[in-house]
Every structure is written in structure tokens, then in C-alpha cells.
Number of protein chains: 2
Amino acid sequence: MTAPVDFWFSIGSPYTFLAVMRLPEVAERAGVDVRWRPFDLRAIQAEANDGPFADKPLKAAYMWRDIERRAAKFGLPVRLPIPYPLADLALANRVAVLAAKEGWCSAYTIATYRRWFVDREPAGSEPNISRSIEEAGQDPVRVLKQASTGAVAEALNAATSEAKKIDIFGSPSFVADGELFWGHDRLEDAIEWQHNLDQGNPG
Amino acid sequence: MTAPVDFWFSIGSPYTFLAVMRLPEVAERAGVDVRWRPFDLRAIQAEANDGPFADKPLKAAYMWRDIERRAAKFGLPVRLPIPYPLADLALANRVAVLAAKEGWCSAYTIATYRRWFVDREPAGSEPNISRSIEEAGQDPVRVLKQASTGAVAEALNAATSEAKKIDIFGSPSFVADGELFWGHDRLEDAIEWQHNLDQGNPG
């Protein structure tokens, strides 16, 4: 038995795209399991008085160019510029929490990011949400109804509290055996960390 | 003839350690030349109302753990915690500007970072500065006298203005054929960018 790596993410974070698209393959190659853990980054940022380079135009401009170059490096299609900033992301992340509970979170999250980065459908809005749910093999009517319940809203809040408790401050983040890794460019480090543990302590 | 990659850095930036220590080897392996370009990051940050995670304790704590892990990954000795934050860094960076003009900037910068990260001598203060100058084969008396002239202070200001003009906002940064790469974790990307250009345009 090996422990999974927790993949903490918020739909709406641009750099998270590069992790979402590459994580399944990198983890599978290393034989490492991943738990997809959606949380509400905006709630944490608001509390920390932080934000997505909001008042840092140079960093924001750099980010898009960096994402473009790295996507090319990894062979990921993108069609920049894409819609940004985004409106309310709560529903998209509530759907992700429900999807994680039901076992179709990776398919849904990959779909919503591809629609945002390739089809230029804003994440967090329709038609992106419903189409991504469908791509994951689910019924949008059922899912959207359930994602609007207080129970799912509470589940997202609980996940966010848990993220905060373990000092997560950005998306994407990875936690392997209590070690926190931040940023899509630490994906390999996190998976390798767990892989090395697994090698040293075979079940 | 191939163009060099410009390596823009400020002594005092913690993450810059990981670039300073690895750059010579990575660049040499790729057959890429590097120009060491010291600048005054604090001047740029002050103007942009930015800073080294000053009011972001979670990010700061994460940074040190991340540096520790990455140093281990790269086989670089470090003895954390090291002195931080640092006092005035202007003289250390003026010496770097003078060293760049005279051709011993990499030796001096590597020495000052090793003394800070391994010997725990604060960068920017004595004895770190004089010993690092000596390690680079220079006479501290001569260098410190010259680094205190207005001409060298102006050279650092001019380099900082040039950095600002090309939208540099952090250290370390790399510029390859006009492409800006930010962060020690983009070192390979920057060198590869120039290397690929060189391959496509030999001689």
C-alpha cells in the first residue's frame, strides 16, 4: 500500500492548467496515486490579502508568456489570450468537490481547463461547466442541482479550511507525506518525493 | 558567433543562490555563453511596491523549505537557517558590477553566496564581501575603494534602469534573444531557448 499525493487546486488559477493536464501521466509513470482536492483559493487569498498578481502588471504579463512557452514545451495546445479575469468560480469548484466525492474529478477538471484554454469558454461560467460535466460522463441537470445544495457548499468550505490548516497559499499545490510543494513546476518533485518514499518502504 | 544569455541577478535574493551555483555548469554543457548582469532588485521592488514575501509569512516559510529541498536535489550544500533578512546590499552589488566589468563576477558571486548559505556570513556585510573578493583573486582594498566611487554607483543604477526597461521584476531572471525567464527554475528553459536558436542558426 502506498499513500497518495494530494493535489490541491482551484479552478480559475491559470498556472494550474499546466498541472491539471500533465499530472495524470506523470503520476502514472511513477506508479503514484493522486487524490484530487479542490479548494477555494479566492477565500484563502482574500484572507491573506494576496491575489493573482492583481496589482502586478509585469508579473501578470510574464505569467501568460511563461504559460504559453511551457505549454509548447509540454506539447499542450493553448489559444492565448483566453478570457481573464474570471467571474464567480464557486459553482465550478463545488462541482469539482462533488466530482471528487463521486470519482470523476480529474475528467471534469481536465475538460473545464481545456475548454477555457483551447475553446476560450470562461471557466466557472456556462456553457463551460455543463459541457465539462457531460464530458466527464455525467448529467449536468443532476450535478448542478446537487452542487447547489448546502451540503456541497459546506464540503468546499471544509476542504478550504483543511488546505488553510496545512499552510496552503496557492494553486496548484501538492502534498506528499506532509511535504508541501507549490507550483506546476514542482509537479515532478512532489511525485518523485512520494515515489522515493514508496521505494524505500515497499508495502 | 552565438549571442549570450543575460543573467540578471541581485545579491541578497535567496532563490538566486540556486541559479548562481548551477548556471556555469548548465550553460557550459549547452555551449551557451552567459553575461552576468548585476542590478539593484530592491530599487525595482520599492518602485513596484513589491517585496520578498515581506508580508507573506506562509510563502516565506515555504521558500526556505523549497530551497532546502532543491539544494539537496541538486547536490548543493546549505546550512539553513542562514542570516535573513539582510542589511544594506548596495556595496555587494556595486562590487558585482565592477567585477562584471573586469571579468571576475561569477567567481565573486558564487563565493559570496557560498559564504552566505554555507558559512552563514551575511551577504552584503563584512567579512563576506572582502573574503569573496579575495576568493575571486582580487585585492579587497583596491576593489572596495573603487566600488565606492560615484562611477560604479552610477553603473549599478544604469544596469537597474536597463533591467526595468526590459520589464525585469525579480531575481534571478534570464534573457535569451529578448525572451524573459524568471526564477531559478527557468534556468534550463532559458539556456535551452538560446541553445535551440544557436542550433537553428549555426555560425
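Before moving on, here are some points about what is shown:
- With respect to the axis relating copies A and B by rotation, the chain A residue whose beta carbon is closest, plus that distance in Å, is A:D185, 3.
- Each DSSP beta bridge with both residues in chain B is either parallel or antiparallel, and the antiparallel ones are about 60%.
- Amide hydrogen proximity for B:R35: with H placed 1.01 Å from N in the peptide plane, the residues at 5 or more positions away or on another chain lying under 5 Å are B:V5, B:D6, B:F7.
- Computed over the protein assembly as shown, the P(r) tail beyond 28 angstrom holds 52 percent of alpha carbon pairs.
- The modelled label-to-label distance for the pair B:D33/A:K56, using points 7 Å beyond Cα in the direction of Cβ, is 3.4 nm.
- Using a 7 Å Cα-to-Cβ projection, A:N196 label spacings across copies, nm, ascending: 2.9
- Least to most buried among B:R114, B:R29, A:R120 (fewest other Cβ within 10 Å first): B:R29, A:R120, B:R114
- The tail of the calculated P(r) for chain B beyond 24 Å holds 39 percent of all Cα-Cα pairs.
- Fewest-first sequence of B:I67, B:I129 by Cβ atoms within 10 Å of each Cβ: B:I67, B:I129
- Neighbour net charge for B:A151 - beta-carbon separation under 11 angstrom, K R +1, D E -1: +1
- A label point on A:Q146, set 7 Å along the Cα-to-Cβ line, lies at 7.3 nm from each of its counterparts in the other copies, closest listed first.
- Modelled label reach - B:A48, point 7 Å along Cα→Cβ, the stretch B:94-109 residues with backbone N closer than 15 Å: none
- Positive minus negative residues near A:L197 (Lys, Arg vs Asp, Glu; Cβ under 10 Å): -4
- For the protein assembly as shown, the share of DSSP beta bridges that are antiparallel, to the nearest 5, is 60%.
- Cα gyration tensor shape for the stretch B:127-194, rounded if a/c is under 1.5, else prolate or oblate: oblate
- Normalised contact order of chain A, rounded percent, pairs of Cα under 8 Å and 6 or more residues apart: 33
- Here A:W64 yields copy-to-copy label distances, from shortest upward, of 3.8 nm, the label point defined as 7 Å from Cα along Cα to C-beta.
- Integer Hz, Karplus 6.51/-1.76/1.60 couplings in order for the stretch B:161-170, x for Gly and Pro: 4, 5, 4, 5, 4, 9, 6, 6, 10, x
- Over chain B, dividing the summed -39,500 (n - 2.57) contributions of all DSSP H runs of at least 4 residues by the number of residues returns a 222 nm mean residue ellipticity of -17500 deg cm²/dmol.
- Seen from A:P38, the other residues with C-beta closer than 12 Å to its C-beta sum to a net charge of +1, counting Lys and Arg as +1 and Asp and Glu as -1.
- Rounded to the nearest 20, the size of the Cβ-charge dipole of the stretch B:5-200 about its Cα centre is 600 debye, with Lys and Arg at +1 and Asp and Glu at -1.
- Less than 5 angstrom separates the built amide H of B:G124 from those of B:I129, all sequence-distant by 5 or more or on a different chain.
- Cα shape, the stretch B:1-114, gyration tensor, a/c 1.5 rule: oblate
Since every read-out is calculated from the coordinates, none of them should be taken as a lab result. Fair warning: this is a prediction, and the values are worked out from it, not measured in the lab. Glycine also receives a Cβ, built like all others from the backbone with ideal geometry; neighbour counts cover every protein chain displayed.
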